[in-house]
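Accompanying notes for the structure given below.
Please treat every number below as a calculation from the coordinates, not as lab data. Remember, it's a predicted structure, so these values are computed and weren't measured experimentally. Cβ placement follows ideal geometry from the backbone for every residue including glycine, while neighbour counts extend to all protein chains displayed.
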Amino acid sequence: MKLKKGDLVTVIKGKENGKTAKIEKVFSKEAKVLVEGVNQFKRHVKARMQGQKSEIVTITKPLRAENVMLVCPKCKKLVRVGYKFLKDEKVRICKRCSKEI
């Protein structure tokens, strides 16, 4: 997967279309990303013990990776990610401006 934790992404599909935020966690096996403040749902939690209150909590669910696009830190546009080999390391590059991400 070409996205990493801490990348700035924009949602391009779904009900949260157009929102921009950072990636909190990447689930590479499921090809999903958890984006902070995006795709939030309310969940009712029942009291488990006596004296504990029932409450409504807000949880963030992961989005599919193909529904988000990386925002290049250099050109500030939505971009696709490529790779380039520099000496012994593999680095991610922006497909628009060809700068290292």
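What's the extension gain from Ile12 to Arg96 if we count 0.36 nm per residue and subtract their Cα-Cα distance? Write out the running numbers ahead of the final one.
Numbers: separation 84, 0.36 × 84 = 30.24 nm, distance 1.77 nm.
So the extension gain works out to 28.5 nm.
Highest mean first, how do 76-89, 43-56, 15-28 rank when packing is the count of other Cβ atoms within 10 Å averaged over residues?
On the way: 76-89: 10.9, 43-56: 7.9, 15-28: 13.8.
Highest mean packing first, the order is 15-28, 76-89, 43-56.
Would you work out the charge dipole size for the chain about its Cα centre, treating the Cβ of every Lys and Arg as +1 and the Cβ of every Asp and Glu as -1, and quote it to the nearest 20 debye? Let's see the in-between values first.
Details: 28 positive and 10 negative charges, 38 e Å.
The calculation lands at about 180 debye.
Tell me the label-point distance for the pair Arg64, Ala21, using the 7 Å Cα-to-Cβ offset, in nm and rounded to one decimal.
Between Arg64 and Ala21, the label points sit 2.0 nm apart.
Once the Cα atoms of the stretch 1-71 are picked out, what are the Rg and Dmax in Å?
Cα radius of gyration and Dmax of the stretch 1-71 are 14.9, 48 Å respectively.
Taking +1 at the Cβ of each Lys and Arg and -1 at the Cβ of each Asp and Glu, which of Thr60, Pro73, Tyr83 sits farthest along the dipole of the stretch 57-101 towards its positive end, judged by Cα position relative to the Cα centre?
Final value for the positive-end residue is Pro73.
Which FRET efficiency, nearest 0.05, do Gln52 and Lys2 yield, Cβ-Cβ r, R0 35 Å?
Numbers: r = 43 Å, r/R0 = 1.23.
So, using R0 = 35 Å, E works out to roughly 0.20.
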